[in-house]
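In what follows, a single structure is set out as C-alpha cells and then discussed.
The values are calculated or read from the model by the stated rules, or taken from the named source; none is laboratory data. Quick caveat, the model's predicted, so the values are computed rather than measured. Every residue, glycine among them, receives a Cβ derived from its backbone with ideal geometry; neighbour counts consider all protein chains shown. With ligands, DNA and RNA removed, areas are computed over all heavy atoms of the protein, side chains included. Shrake-Rupley method; radii C 1.70, N 1.55, O 1.52, S 1.80 Å.
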Amino acid sequence: GPGGGGGPGPVTCGSVVKLLNVRHNVRLHSHDVRYGSGSGQQSVTGVAAADDGNSYWRVRGRTAAVCERGRPVRCGQAIRLTHLGTGRNLHSHRFASPLSGNQEVSAFGEDGEGDYLDDWTVVCSGTYWARDSEVRFQHASTDVFLSVTGEQYGRPINGQKEVHGMAASSQHNYWKVTEGIFVQPAEVFKAEQYHAEL
C-alpha cells in the first residue's frame, strides 16, 4: 500500500498478542496463581507451549490515558499490557523475584485498572513498534527491563520460567510478537470514513 515497506505493519492499541522471549523461547504468561513470597500478587511466568490461552495480553494506553483502538504504538511510548484471562496488568515494583532475586514482575489490578506501576515503555528502533521486530519493555517507574534468564519453577507451575525485571539491557530482554489478533490501522480509518458519510 501507500508508504511501502510491505512488512506486517505496526502493533496497535487494542491488539491482543502473545509475546515471545527471543533468547529463551518462552511466552509471557499469567494465571490465577499468587507468589508465595514478595508482594503475594498474581504471578507472571514464561511458558514454552505456543497454544496456552493464558498467554494473551491486550495492548493498551498507559495508566489514565486512552489509546484509541487501532492507533499504532510508537517506539518510546508507555503502554499497559493487560492479561486477557484475569484482567490484571503487567506490573513491577521493588520486591525481589522468588528465584533469581531480580525485581519481581507481577499482574496487578482489577478489570484492567491498577496503578502507574503498570506502565511499560516500548523500546524499539524506528517510529513504530513493528510486529516482526524484537523490542524491549522498560518499566516506566523503576527502569528495569522485562526479562527471562532461565530459572525454572517447580510445583504448582512446574517447568515455567521466572519473568523478572533487570536493570541491565541484555539479550535476555528482547521480546517478539508471535500469535495475535491485530486491529488494523486501515480498518479503523475506513470505519471513521464510513461513519462520516452516514
Original post:
Among the strands (runs of 3 or more DSSP E) confined wholly to the range 113-198, which include 1 or more residues that are modelled with pLDDT under 95 and more than 26 Å from ARG34 (Cα to Cα)?
Top reply: 175-181
**OP:** For ALA49, indicate whether it is hydrophobic (A, V, I, L, M, F, W, C), out of contact with any Phe, Trp or Tyr (no Cβ under 6 Å at 6 or more places or on another chain), closer than 14 Å to LYS161 by Cβ and not in a strand (DSSP E or B).
**Re:** yes
**OP:** Tell me, please, whether a residue that is free of Cβ contacts under 8 Å to residues at least 12 places away in the same chain and assigned to a loop (DSSP other than H, G, I, E, B) can be found in the range 11-30.
**Re:** no
Subject >> Given (1) of a type in the set (Ser, Thr, Tyr); (2) in contact with a helix residue (DSSP H, G or I) (Cβ under 7 Å, 6 or more places away or on another chain); (3) within 21 Å of VAL183 (Cβ to Cβ), index of the condition TYR56 fails >> reply: (2)
**OP:** May I ask you to list pairs of residues, at least six apart or on different chains, whose Cβ atoms are under 8 Å apart, with the first in the range 103-119 being under 15 Å from HIS31 (Cβ atoms) and the second being part of a loop (DSSP other than H, G, I, E, B) and small (Gly, Ala, Ser)?
**Re:** VAL105/SER97; SER106/GLY38; SER106/SER39; PHE108/GLY114
Original post:
Quick one: which of ARG34, ARG71 is open to solvent by 50 Å² or more (accessible area, probe 1.4 Å) and in contact with a Pro (Cβ under 8 Å, 6 or more places away or on another chain)?
Top reply: ARG71
